[in-house]
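In what follows, a structure is listed as C-alpha cells, so that the remarks can point back to it.
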Amino acid sequence: MTGRYLIRTFGCQMNEHDSERIAGLLEQDGYAPTPAAAEAEVVVLNTCAVRENADNRLYGALGHLKPVKDANPRLRIVVAGCLAQKDQGRIQARAPWVDVVVGTHALPGLLDLIRAAKRDGPQMDVREYTEVFPSALPSRAGSPYHAWVSVSVGCDNHCTFCIVPLVRGAQRSRALGDILAEVQGVAARGVVEVTLLGQNVNTYGRDLTAPHSAPRPRFGELLRAVNEVDGIRRIRFVSPHPHDFTDDVVEAMAESGRVCEHIHFPLQSGSDRMLRAMRRSYRAERYLGWLDRIRAAIPGIAVTSDIIVGFPGETEEDFECTLEVTERARFDAAFTFQYSPRPGTAAAGFDEQVPKAVVQERFDRLVDVQERISLECNRQLVGRSAEILVEGEGRKGNLRGRTRTNKLVHTPGSAAPGTFVTARITEAHPHHLTGRLEPVPAEARSA
C-alpha cells in the first residue's frame, strides 16, 4: 500500500509515544508523512481525555476535516487515544465522517481497521485489554537523540478527578529485559536521552511480583539497570506519584549518574480536605516531608508539580492552603489547571462545583505566586555553568536546549541537535534561562 499520512497529537508524553508507533505502523505499510491534511490518505487525531478542552479540540479538528473529506473521498479519518477509548461510538454518532475509532488497547490492529473501513465502512475497536505493548510496535522516532520508552501502561490509583484508569486500564508493567533491549536499541542508533513512561511510573514492576508474594515495585532496580546502558547520557521519567518515591527509588536516583536531577512531584492541592476528597494518599505535611527527604539526598534537584484550582467544594481557606504549600515547596515550575469535570470520574458528580469566576480569580493568584518563585529559583543559576543538550533553533536564531535539571536555555551560537555544549547562565526568566557558550567540554561541567 502507498499513500501519505498526517498525525496530530493532543495530550501527554504517552500520546507522543503512541503517535510514534502509529507512524511506524503506517510507514511499515508503505505510507509517507505529509504536513497537509489535503494531501493525506490517512489523518490520525491521537487524543487526550484529561481535561474538558480535549473534547473541544477533537471536535473542532474534526469539523475542519469535514470539507477536506468531502473534497477527497479516499481520505480515511482515524480518532485514536484516550478520548476514543472514553467516547467510543459517540464520536462517529457526532461526526459520521470519521472512518476509524481505535482505543488505547487496540493500536496493533490499526492497519486492519483502516483496510476494513475502505472495504466495509466505519470501524471501531475499543477493547479493554491487549497482549501487545505499544512499545513492541514499529516506531518512527520523532527525535534522533531522544526516545520515549514505555515501562508500564495503566494505573491502579483511583483519584476522583482522573479519567486515566478508565481509558488506560489497570497497571501492566513490561518485562525488565524488554525495556533494556529497547533502550539498548535506541542507544545503538545514537539516542543519548531516554524518558521512561508510565501513568504511575514509579510503581513499575509491582504487578510482576511472583504469585503469593507481597507486591513490590521495582522502579529503583529499573533505574539502576538503564543507567548501565552504554551510550545513554541522560535518563528522565514521567509521571510519578509522590507516595511511591520510596527510599530505594531516591537512592537509585542519587547513585545513578545518568539519571537527571529533576522530578515531577504532583501536589494537586495544599488542602488536606481537598486531598482527601481527591483520594490522594498523602496530606500536605507528609508531602513536604517527602520533598525535604528527596532534596537532602539529591542536592540541587529541580522539582516541578501539578496543581488543580477549583476542585468541587474548594473554599477560600482551602485555596489559601494551596498557596501556602506552594510557597513552602518552592517548585521550579508548576503546571496549574482549572478543574474541569470529566464524565466517568467520581468528582464529576460531586456537589459544590466552584463558580467559573471564582476559579479564574484563584487561578490567576496561584500563577502569580508560582511565576515569582520560578524566577527566584532561576536567578540562583545566573553565573553558573550548565551542560546543555541542544534541541534545535530557538528565539532569534539562538540555540535552544535543556539542562540536566530540565531548564530551558537559549544561547547564541550553533550546534547540531543532540549534541552537548556548556553554557554560562547570564539571565533568568520565569520559564527559561539565557546563557553564552563556553569553550570547554560539557563533560567537565555539571548542571
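Partnerless cysteines in the chain, where a partner means another cysteine C-beta under 4.7 angstrom, comprise CYS12, CYS48, CYS82, CYS155, CYS260, CYS321, CYS377.
In sequence order, region 419-428 has phi-based couplings of 9, 9, 10, 10, 10, 8, 6, 10, 9, 10 Hz under the Karplus curve 6.51 cos²θ - 1.76 cosθ + 1.60, θ = phi - 60°, and Gly or Pro positions carry x.
P(r) tail, region 12-146: Cα-Cα pairs separated by more than 17 Å, 58% of all pairs.
Computed from the C-beta positions of GLU39 and TRP97, the FRET efficiency with R₀ = 22 Å rounds to 0.80.
Suppose we keep just the DSSP beta bridges with both residues in the chain; what percent of those would be antiparallel, to 5? Of those bridges, close to 35 percent are antiparallel. The stretch between ARG8 and GLU316 holds 107.0 nm of extra length on full extension. This uses 0.36 nm per residue minus the Cα-Cα distance.
Find the lysine pairs in the chain meeting two conditions, Cα atoms under 28 Å apart and a separation of 8 or more places or different chains, and report how many there are. Within the chain, the lysine pair count is 7.
Between ARG189 and GLU393, the C-beta separation translates, for a Förster distance of 22 Å, into a calculated FRET efficiency of about 0.45. Each residue of region 262-273 was assigned a 3J(HN,Hα) from its phi angle through the Karplus curve 6.51 cos²θ - 1.76 cosθ + 1.60 (θ = phi - 60°); the sequence is 8, 10, 9, 9, x, 8, 6, 7, x, 9, 4, 5 Hz, with glycine and proline shown as x. For ARG76, nonlocal amide neighbours, meaning residues 5 or more places apart or on other chains whose placed amide H falls under 5 Å from its own, are VAL42, VAL43.
May I ask you to derive the FRET efficiency for GLU255 and ASP368 from their Cβ-Cβ distance with R0 = 41 Å, giving the value to the nearest 0.05?
For GLU255 and ASP368, the calculated efficiency is 0.60.
Modelled spin-label separation between ASP120 and TYR59, with each label point placed 7 Å from Cα along the Cα-to-Cβ direction: 2.9 nm.
What is the extension gain from GLU376 to ASP178, computed as 0.36 nm multiplied by their sequence separation minus the C-alpha to C-alpha distance, in nm to one decimal? Write out the running numbers ahead of the final one.
Working: separation 198, 0.36 × 198 = 71.28 nm, distance 4.21 nm.
Value of the extension gain: 67.1 nm.
For a paramagnetic label modelled at 7 Å from the Cα of ALA32 toward its Cβ, which residues of region 61-84 fall within the zone defined by backbone nitrogen distances under 16 Å? Inside the label zone: nothing.
FYI, it's all coordinate maths here, none of it is from the lab. Only a predicted model underlies this, so the values are computations on that prediction, with no experimental measurement involved. As a convention, Cβ positions derive from the backbone with ideal geometry for all residues, glycine included, and neighbour counts pool all protein chains shown.
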